[in-house]
Amino acid sequence: MELLFLALLVFLMAYALGSGFPVAFALPGAAILSIGAAAGAGYLFAGNPDAYFHSGGPSQWLSAGVTNLRGIYWEVERDTLIAIPLFIFMGIMLQRSKIAEDLLVTMAQLFGPVPGGLGISVVFVGALLAATTGIVGATVVAMGLISLPAMLRNNYSPALASGTIAASGTLGQIIPPSIVLIILADQLASATDQASTTRKELYSEATGELTMPSVFDVTSTSAGEMFLGALVPGLLLVGLYMLFILGFAFLRPHMAPSVPYEGERDSRFWGRVAITLIPPLTLIFLVLGSIIGGIATVNQAGAIGAAGALIMAGYRLTEGQPRSFYPALLAIISLGAIGFAIANYDMNVKAVDSAEDVTGIYIGVAGAVLLILALIWSGLRALRIQNTLNGVMIETAKTTSLVFVILLGAAMLTAAFRAFGGEELVRDFLTGLPGGFWTQFIIVMLVIFILGFFLDFIEIAVVVVPIVAPILLSDPGANITAVWLGVMIGLNIQTSFLTPPFGFALFYLRGVAPAVVKTVQMYKGVVAFIGLQITALVIVGLYPQLVNYLPNRTSLLSETAPPPRNPGLQYCLMDYVNDQLQAENGGSTLDAIARARTLDLSALPRDLSGDLEKSFDQAETAVNAVGEVFEAKRIEDEAAVAYRPIRAEVRRYERDIRKLDEKIEDAEVTLRRGNGSEQFLANLEERRAAWDAEREALRAQIPESWPETYETFHALVKAENDARNSYARNADDAWEVTAFAVATLEANDAFAAARADLDAVRGIIEGSTAETAEAAQDEIREIEDLFEEIAGAEDVEKALGKARRALRPNRFDQAKALDEYADAVEAYEEQVEWRAASAPLLPDLQAYAEGIREVVGLRQQDHFTREQALEIAACSSVHRDLSLNF
């Protein structure tokens, strides 16, 4: 019966959408009606309103929908949605202020003489507008009104012209900043949590371990990472469009002729080009550059974009008038002042401790005030001239409301879909397909592509993604990243604007196109561009590095980059270490260890020299463990050829058994409680018996040799993991001792300079009384902290600590404090002696540390070097199969 009400849910939603009922009400309405119908039918026919739900009851699932509604606004993690109105405002303001029109006219004049130049200029401007607006309707309408007549006048094929404009207008869906990417990031954040839980359950059931290593976990994403990941695929799509138009123009020049510029390409022309291009490009740089550089969050970048669009509108709306550029110049001066202050002064108000810092604060405040004045000035102009600001704000409110209301309705629809077991049904269907992840992924992409014929991108993103994303992300065999999945879905959704019968870009263009352009010609024109979008989809699918590399690179090069010992980086770190050893050929790391063994360490304290000698053995063990890791990996890969199909078959049986276990458990609970009529309970008992028989049949199909096969292969996996752990353990211990020894000898001068402070302690103790004990303790504590900062001086620091504690007011003991101080002096004298004797060792130990840093010491560094970060980023961009660990 659950399937019946699931079908009712889908039918109600499809009927409401097809009849033109508002999406915002069609989605939650279908959910409420179907849940109500299931509850009523259960009460009437089974005596239990919960009877026809996959799990739970109507109140639970209605409250789940309400909880999801609250989550849209109340979850702190979902604050990224704040960026949506900011980017919408930016796009509409640029379109209303005719900056988009200027771009089209100027680019047409610039590229016109090139074969297919008008089409290339449309693509170029479409990419620029996509990076500044992201509003498909505004972009298509603007280009349709300006470029389409010009292309037709110059004998362009109507199909090519309309297809180019419609396709270029959709670039705003994939080139950041994009509303689609923000929504996808929001949906994928919760999908990642579900996928992580599912993967942990899979690991626990497969291995019996209670916890899964974090290196096997699902990687989440954010709007900023989505923007970074979509940048290269977006540019790839732009390149494909341009190459197609250029090739078309060479093959059929009469259908895409060149258009010579009739005017003079003088300084005035190039000045106009500069005025038209530089501000939008600067805005793109500020918005995307601030995100890529880690300077601003997506919300902050959205605010930058909105402010920049308002400044640009301020001078464009008053073009030709005196002082039209004054607000923009004032904004530039203010930004220069703020940048100067940040670059030359400490701008932390709480840390101000000098007149120079106060000067920097004043400069920053003055710059901020000037920037606010420039924004107010530009805003007043936009409000006064054609009431532009009022219109932009109204359109922004309408579009933002549309997006958020659909998000809210989709939250209820998703809850209802899960109530009737829809998610389980989809999961069972996808996981039951032969071919593994890629079959599942292709089916999902095909469904999204087909849905694009009928639904808008928002409905697809908020209805389909929460259902299928957790299933795809949880697969340890593919181990895809959320950002790659989001970009792939974004590229696919982009085609929904071009595919008939409801291709919105076609509707927008049809509304402004002249009658000479037939609708059939427009449909024909977009076919090639749909093919190019699918081509880009295939390329990005085959080369995930195009998506993953830039987010990884930015993360590893940022100030908040994860350290080398981060668990998620260990596979790639090991690959890097192995590459370093392979590049050495002669074994320079082992040579450094061998030279270190010849050092005379007798001048060092016995415990330190003993630790160093042990660390040389550990360093060599770590180097050898690298080879053991990859030898174990080679043996494991060879054995995996025969093991993988057996594992897949057994895991499939086990998955089906788990489903039956859940059904049987739920049935037994219902039978024990007696919820329902006698007929209902009798039928449920029959089904439970049938499920039990089916479960036993599945268990019988698992090969008897499976436990032995699993243990044999798991031993190979364990050998590899043990070798990895051996490397990590020995490398860490070896480097910590080496780094400590080097730091200790490098601190010889600081240690010697601390003698005067140590001598002062005696006077502090002798001059103290029970009444002044607290002040004396504070003075000694400062000297204690001084020795704490000196590497290797722990024994002196500890003795001083005991002396300080002997001066506690409630247990004041001056004599004991002096005895402890004497121990501190004795420890100091001993260190002075051995530090002086071992000082010649420092250059050799420094050379040894440098010799093993890249191989043995890499995990213990504070951060990667730039070269290391780039190597690790490239390695992490490839999806690594983890299924054999499950």
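The values are calculated or read from the model by the stated rules, or taken from the named source; none is laboratory data. Note that the coordinates shown come from a computational prediction; the quantities given were computed from them, not determined experimentally. Note: ideal-geometry Cβ built from the backbone for every residue, glycine included; neighbour counts use all protein chains shown. The accessibility values were calculated without ligands, DNA or RNA, using every heavy atom of the protein model including side chains. Shrake-Rupley method; radii C 1.70, N 1.55, O 1.52, S 1.80 Å.
Worth a mention:
- Computed from the alpha carbon atoms alone, the convex hull of the chain holds 254 Å³ per residue.
- Take the Cβ atoms of residue 774 and residue 750, set R0 to 25 Å, and the FRET efficiency comes out at 0.30.
- Total formal charge among the other residues, if their Cβ is under 12 angstrom from that of residue 231, Lys/Arg +1 and Asp/Glu -1: 0
- Alpha-carbon centroids, segment 609-630 and segment 832-862: separation in whole Å: 15
- Estimated Rh, segment 327-407: Kirkwood, alpha-carbon pairs, angstrom: 15.1
- Taking the C-alpha atoms only, the angle from helix 23-45 to the longest principal axis of the chain is near 90 degrees.
- Couplings 3J(HN,Hα) of segment 596-601, computed from phi: 5, 5, 7, 6, 8, 9 Hz, in residue order, whole Hz [Karplus 6.51 cos²θ - 1.76 cosθ + 1.60, θ = phi - 60°; x for Gly and Pro].
- FRET efficiency for residue 450 and residue 193, using Cβ-Cβ distance with R0 set to 35 Å, rounded to 0.05: 0.80
- Residue-wise HN-Hα coupling along segment 153-163, computed from phi with Karplus coefficients 6.51, -1.76, 1.60 (Hz; x: Gly, Pro): 4, 9, 6, 6, 4, x, 5, 5, 4, 5, x
- In this simple spin-label approximation, residue 571 and residue 366 carry label points 7 Å from Cα along the Cα→Cβ vector, and these lie 5.6 nm apart.
- In loop segments of segment 719-824 as defined by DSSP, the GluC sites (Glu not before Pro) with at most 10 further C-beta atoms inside 10 Å of their C-beta are 771.
- Crossing angle, helix 298-316 versus the chain [Cα axis fit, 0-90 degrees, rounded to tens]: 50
- Amide H contacts under 5 Å for residue 420, placed H, 5+ residues apart: 54
- For the chain: relative contact order, % (alpha-carbon pairs under 8 angstrom, 6 or more apart): 16
- Cα coordinate range in segment 693-759, projected on the principal axes (Å, largest first): 86, 22, 11
- For a label point 7 Å along the Cα-to-beta-carbon line of residue 712, residues of segment 605-642 with backbone N under 19 Å: 632-642
- Rg in Å to one decimal, and Dmax rounded to a whole Å, for segment 204-277 via C-alpha atoms: 25.5, 77
- J(HN,Hα) series, segment 250-260, from Karplus relation 6.51 cos²θ - 1.76 cosθ + 1.60, nearest Hz, glycine and proline x: 6, 6, 10, x, 6, 9, 8, x, 6, 10, x
- Remark: segment 822-886 is approximated by an ellipsoid whose semi-axes, taken from the C-alpha gyration tensor as √(5λ), come to 44, 16, 11 Å, largest first.
- Gain on full stretching of the segment that runs from residue 702 to residue 346 - 0.36 nm per residue minus C-alpha separation: 121.4 nm
- This model, with +1 at the C-beta of Lys and Arg and -1 at the C-beta of Asp and Glu, gives the chain a dipole about its Cα centre of some 5880 debye.
- Using alpha-carbon coordinates, inclination of helix 519-542 to the longest axis of the chain, degrees: 20
- DSSP-assigned coil residues among trypsin sites (Lys or Arg not before Pro) in segment 233-321, each with at most 14 further Cβ atoms within 10 Å: 265
- Segment 767-812 - percent of accessible surface contributed by carbon and sulfur, probe 1.4 Å: 42
- Taking every DSSP helix (H) stretch of at least 4 residues in the chain, weighting each as -39,500 (n - 2.57) and dividing the sum by the residue count yields a mean residue ellipticity at 222 nm of -25500 deg cm²/dmol.
- Percentage relative contact order, segment 138-211, counting C-alpha pairs under 8 Å, at least six apart: 21
- Gain on full stretching of the segment that runs from residue 250 to residue 613 - 0.36 nm per residue minus C-alpha separation: 123.4 nm
- Straightening the chain between residue 324 and residue 759 buys 149.4 nm, computed as 0.36 nm per residue apart minus the Cα-Cα spacing.
- Of the chymotrypsin sites (Phe, Trp or Tyr not before Pro) in segment 219-284, those whose Cβ has at most 16 other Cβ within 10 Å and which sit in DSSP loop: 261
- Shown is the FRET efficiency for residue 428 and residue 82, computed with R0 = 45 Å from the Cβ-Cβ distance and rounded to the nearest 0.05: 0.75.
- Rounded, prolate or oblate (a/c below 1.5 giving rounded, otherwise prolate when a/b exceeds b/c) for segment 529-667 by Cα gyration tensor: prolate
- Diffusion constant of segment 751-886 at 25 °C, which comes from Stokes-Einstein with the Kirkwood Cα-pair radius and 0.890 mPa s, µm²/s: 132
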